[in-house]
Amino acid sequence: MDNRPIGVFDSGVGGMTVLKELMKKMPQESFVYLGDTKRFPYGSKSKQTIIELTKEGMEFLIKKNVKLIVIACGTATSQALIEVKSLYEIPIIGVLEPTTKYLEETGKTNIGIIATAGTIRSKGWEKSILEKIPSAKIQSIPCPLLASMVEEGWYDNQIAQLVINEYLKDLKPVDALVLGCTHYPLLTKVIQKQIGAGVEIINIGTYVAIETEKILKENGMIAENNFKDIATKNRDNASNLKVYLTENECKFNEVASKLIEKEIQAELVKEEIEFS
Ligand code: DGL
């Protein structure tokens, strides 16, 4: 049993799509979320920069006494997970492996991936999928504008539809489309409209939540069920959530509150760690 919170890290609001799944699956847990909004977007930055920023994020969360960290960001996972895992003793989970496991288990071979330019350039998804499914046919499409549109709250309007149409116009038929950036689940409705109802859209947060619970169980680190009102999984556990941002001149609170259907008032990171 371990009542310390779980740390969740992203460059912005995208990781909230993962947090939503974590909270649904583990209502007994509490969470500390860090959105590095000051240095958003990560998708257009170099690998070395992403490693540096991710290290700072890990150190901030470790100082908050978290028991495990979820890197709820496709870009940081594909470019910095290996490096940060080797630096810290705390368990750190990325978003690629849990999703790839699901694709393997469900026999998907014809797979589309959309993600930030940096993630696609890293070939992280391709490597991870081909390791488990060597016969997989993969189409990877970088979508550099989408994460910024989500940060702006433009995920269900005509502009979103036009941009998605443009990015996906050359996608050949697939069994599944992986939303390889955690911002993209907010665009699910418009993406599904473009690719058709028959294609499964993979929201990576679902599989990250399954993996996180598994690791906590294996290590005896599940929090004690110590909330009086935990009768259902819909229990209001927003009070067990602390959200920090490195910059608050953004629409984070608005987009995040709508997404997780709870009022979010993020706190600005102060001088606890030098975010340059
Ligand atoms: N949410 C991040 C991801 O999953 C990316 C957004 C960005 O910073 O470019 O890749």
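The values are calculated or read from the model by the stated rules, or taken from the named source; none is laboratory data. Given the structure is predicted, the values throughout are model-derived calculations rather than measurements. For neighbour counting, all protein chains shown are included, and Cβ atoms are generated from backbone atoms with ideal geometry for every residue, glycine included. Note: accessible area is taken over every heavy atom of the protein model, side chains too, but ligands, DNA and RNA are not part of it. Shrake-Rupley method; radii C 1.70, N 1.55, O 1.52, S 1.80 Å.
Points to keep in mind about this one:
- Paired Rg and Dmax values of the stretch 65-112, which use every Cα atom, in angstrom: 12.8, 41
- Qualifying trypsin sites (Lys or Arg not before Pro) for the stretch 98-205 [loop in DSSP, other Cβ within 10 Å: at most 14]: Lys123, Lys169
- Spin-label pair Lys24-Asn110: with each label point 7 Å from Cα along the Cα-Cβ axis, the two points sit 2.7 nm from one another.
- Alpha carbon convex hull of the stretch 152-202, volume per residue in cubic angstrom: 72 Å³
- For the chain, the relative contact order is 28 percent, taking Cα pairs closer than 8 Å that sit 6 or more residues apart in sequence and dividing their mean separation by the residue count.
- Accessible surface of the chain, 1.4 Å probe, proportion on carbon and sulfur as whole %: 51 percent
- Here the stretch 90-145 is treated as a Stokes sphere of Kirkwood radius computed over C-alpha pairs; at 10 °C and 1.306 mPa s its diffusion coefficient rounds to 135 µm²/s.
- Taking the DSSP beta bridges with both ends in the stretch 39-192, the antiparallel portion is around 0 percent.
- Applying the Karplus relation 6.51 cos²θ - 1.76 cosθ + 1.60 with θ = phi - 60° to the stretch 68-83 yields 3J(HN,Hα) values of 7, 10, 9, 7, 8, 8, x, 5, 5, 5, 6, 10, 9, 4, 4, 5 Hz, where x marks Gly and Pro.
- Cα gyration tensor, the stretch 178-219 - rounded (a/c under 1.5), prolate or oblate: prolate
- Largest first, the three principal axis extents of the alpha carbons in the stretch 2-139 are 43, 34, 26 Å in whole numbers.
- Neighbour net charge for Val174 - beta-carbon separation under 11 angstrom, K R +1, D E -1: +1
- The stretch between Lys63 and Ser135, if pulled fully straight at 0.36 nm per residue, gains 21.6 nm over its current Cα-Cα span.
- Between Gly220, Gly180, Gly112, the Cα set farthest toward the positive side of the dipole of the chain (charges on each charged residue's Cβ, about the Cα centre) is that of Gly112.
- The residues of the chain expose on average 45 square angstrom of accessible surface per residue, using a 1.4 Å probe on protein heavy atoms.
- Along the stretch 253-263 the Karplus relation, 6.51 cos²θ - 1.76 cosθ + 1.60 evaluated at θ = phi - 60°, assigns HN-Hα couplings of 4, 5, 5, 5, 5, 5, 5, 9, 6, 9, 6 Hz to successive residues, with x for each Gly and Pro.
- Under 5 Å between amide hydrogens, built in the peptide plane, is the criterion, and for Val8 it picks out Val32, Tyr33, Leu34, Val70 among residues at least 5 positions away or on other chains.
- Equivalent ellipsoid of the chain: semi-axes from √(5λ) of the C-alpha gyration tensor, largest first, are 27, 21, 19 Å.
- Pairwise Cα distances in the stretch 37-83 exceed 17 Å for 28 percent of all pairs.
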